[in-house]
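This report refers to the structure that appears directly beneath it.
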Amino acid sequence: MKVKNNSFSGGYVFNLEGKPQDKVVELEIPSQVCIPLKQGFGQVVEPTVEPGEEVKAGQIIGKSDNSESTPVQASVNGTVKEVTSKAIIIEADGTSDWQPVEGHGSDWTSMSAEKIEELLYNSGVTSLDNQGIPTRYQSSSISTDDVKHVIIKGVESDPYNLSLSALLQDGKLSQFADGLKILHKILPQAKVHVAINKNRQNLIKELSNLVGSNNWVQLYSVEPKYPQGSDKVLIPTILGKEYTVGGSATKLGVIVFKMQTILHAYDAVVEGKPLIERLVSLSGEGWKENLHVKVRVGTPVEAITNKCLNNGNYRIVSGNILADQAVTSYKYPVTREFDNLSAVPEGEGREVFAFVRPGAKRASYSNAFLSALFSNLSSNCDTNVHGEERPCISCGYCEQACPVDIFPHLVEQYTAKSNVDDELIRYGIFDCVECNLCTFVCPSKRPLGKHIKQGKQFLMNKGYAVK
Ligand code: SF4
Ligand code: SF4
């Protein structure tokens, strides 16, 4: 198969201290889990168990047949302690076995599409990623017949990512290839596009050997530039500008899945394993060791921080440190969507005149700074702003870095003055993918991303719709 090389204009390659190594450690079963009744794509489901009931790991404990949703499962063996409208608390008995999904098997090639959809739904896998996996059970906002393109991302472009080699170790690449074929059985009309980090040439070659003879699949080698992993950037990178996504990718017949989703699909259909655990990378300087943990869904974040976090003041972020939210309570459970937890030192706020004393290990976009001369060195990452907010100097860095070709400084000037009107739509404000790269590269430390996001919200409140 000829592998395509696709890219987008703008973006930035991060090289930060604290990248997770490929080591994988299985965390012990927690004494208690909290299973939210909404996880991933779909509506909140109804509890189907009561306090005092004994449950097995993998058993369905919440389900709604009449809404877009996917059932939730107990992730441990134990006893239901509490049931609320939002979550179910289970006291674990410490055993690690699980109840397989009925009807699974290694003879998946002879299974009907209906059977495969049922296994994916009952295992919880259909809830994954932004749009869910479509089946006949209302598990996604798009029906199976309407899917034209499926994009699988193995991109590693965020400041911190789950490592593909940790995810695929122990022979998992062939399981991933079978997972693609399983997906093809329920979406036979869709073209499957697999985008892989260009630095992973061996992986691309091995995958090409496994699936390259199928004309429904195409492999791409993509630059690990942030924010290539954003669905709204990846879709036009792979399918072309006519697939620019405004509100929802499903309107264009496109769905995007992470590689971990495909492995969960394989586990459910072939091994009968329900979605009861996640592989999560521990990134950033706050962890004792940067590695990956296998953790049961519903485990409180504090079970990870108690064991793995250094002493000190760290901000914990689930997902992408530039665009996602900090974890506000360590009691918060690990959910089906988790794949990275970053722990970055909490900064002391703005440093006055920080821009006149940059160092080699200080991340900078500008060639005028020392760190740009040492691009091979990984730089430190904390939550500090490293400088006070100053007027825009029209350097154009935000424009160069913006992945969707808008003029962030111009849009920000309007929104910062609350001058929010439909002129901003002509400037492309709704194309912004909220990656915050403009804020990161700005030498004047202007909060561009924040102001642009506020401007979008203001326009939507006034009734303007995203295309
Ligand atoms: S304007 Fe939006 S899309 Fe462009 S760099 Fe800023 S946050 Fe990212
Ligand atoms: S990066 Fe900052 S200083 Fe440079 S043009 Fe953009 S807003 Fe202005």
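The values are calculated or read from the model by the stated rules, or taken from the named source; none is laboratory data. These figures come from a predicted structure and were not determined experimentally. Cβ sites come from the backbone with ideal geometry, for glycine too, and all protein chains shown count toward neighbours.
In this structure, is residue 183 free of Cβ contacts under 8 Å to residues at least 60 places away in the same chain and either touching a His at 6+ places or on another chain (Cβ under 9 Å) or not in a strand (DSSP E or B) (or both)?
It is false that residue 183 is free of Cβ contacts under 8 Å to residues at least 60 places away in the same chain and either touching a His at 6+ places or on another chain (Cβ under 9 Å) or not in a strand (DSSP E or B) (or both).
Quick check: is even one residue across region 179-188 surrounded by 18 or more Cβ atoms within 10 Å (Cβ to Cβ) and within 16 Å of the chain's Cα centre (by Cα)?
No, the conditions are met nowhere in region 179-188.
Could you please give the count of residues in region 417-443 that are in contact with a Leu (Cβ under 8 Å, 6 or more places away or on another chain), surrounded by fewer than 19 Cβ atoms within 10 Å (Cβ to Cβ) and in contact (Cβ under 8 Å) with a residue 60 or more places away in the chain?
Going through region 417-443 one residue at a time, the tally reaches 0.
Just name the residue that is nearest to ligand 2 (Cβ to nearest atom) out of those in region 413-429 that are at pLDDT below 80 and of a type in the set (Gly, Ala, Ser).
Among those that are at pLDDT below 80 and of a type in the set (Gly, Ala, Ser), it is 416.
Looking only at region 430-454, which residues are within 14 Å of ligand 2 (Cβ to nearest atom) and assigned to a helix (DSSP H, G or I)?
Matches in region 430-454: 437, 438, 439, 440, 441, 448, 449, 450, 451, 452.
Can you tell me which residues in region 215-269 are among the charged types (D, E, K, R) and assigned to a helix (DSSP H, G or I)?
Across region 215-269, the qualifying residues are 231, 232, 241, 242, 251, 267.
Test residue 394 against the stated conditions and say whether it is more than 28 Å from residue 317 (Cβ to Cβ), surrounded by fewer than 18 Cβ atoms within 10 Å (Cβ to Cβ) and more than 10 Å from ligand 1 (Cβ to nearest atom).
Criteria met by residue 394.
State all residues of region 429-448 that are of a type outside the set (Phe, Trp, Tyr) and more than 9 Å from ligand 1 (Cβ to nearest atom); if no residue qualifies, say none.
Within region 429-448, 442, 443, 444, 445, 446, 447 meet the criteria.
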